[in-house]
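Take a look at the structure below.
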Amino acid sequence: MRIGSNDSKSMSEGAVPDRSNTWRVFFWFLPFFLSFIVFLLSFPIDRRIPFWPHRYLFEVYVDWFLFVTPVVTIVGLVLFILKSRHGYYSRLQKWLFAITFLVTILLNPFILLGLCID
């Protein structure tokens, strides 16, 4: 009598993990890159927001780059580390992730520093 099943879905030690959704981690960096593009296109940023008269546009960017983008960057990093331990990523994907993470880590403080210096 065998213990276990002959199920084809069970994962053996030598099986290759499913790599169909490995690019999903890069979507966690989209909030930073899309907001960076919007930031570059929205100059001058010292304008008041019409529907929110007590806030300036640069204050919204400071809040976004201070609170939102670090959180999604950390989530993307944690997901990448967890999945890379299981061998989900190829060498190219690891290099692309490293470059994406480096750009995010370098640009976010640069933008915040530029916004906060007055």
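Summary of computed values
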read-out	value
Per-pair calculated FRET efficiency, R0 = 35 Å: L107 and Y56 via Cβ, rounded to 0.05	0.95
Ordering of 97-103, 31-37 by packing [mean C-beta count within 10 Å, highest first]	31-37, 97-103
Within-14-Å neighbourhood charge of G76 [Cβ basis; K, R +1; D, E -1]	+3
Mean Cβ count within 10 Å, highest first, over the residues of peptides 61-70, 87-96	61-70, 87-96
Residues V72 and A98, FRET efficiency given R0 of 25 Å [Cβ-Cβ distance, rounded to 0.05]	0.90
P(r), alpha carbons of the range 27-116 - 5 Å bins starting at zero, rounded %	2, 13, 22, 21, 15, 11, 7, 5, 3, 2, 0
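Any read-out appearing in this document is the output of simple, stated calculations on the displayed coordinates, not a laboratory observation. Remember, it's a predicted structure, so these values are computed and weren't measured experimentally. With ideal geometry, Cβ positions are generated from the backbone for all residues, glycine too; neighbour counts draw on all protein chains shown.
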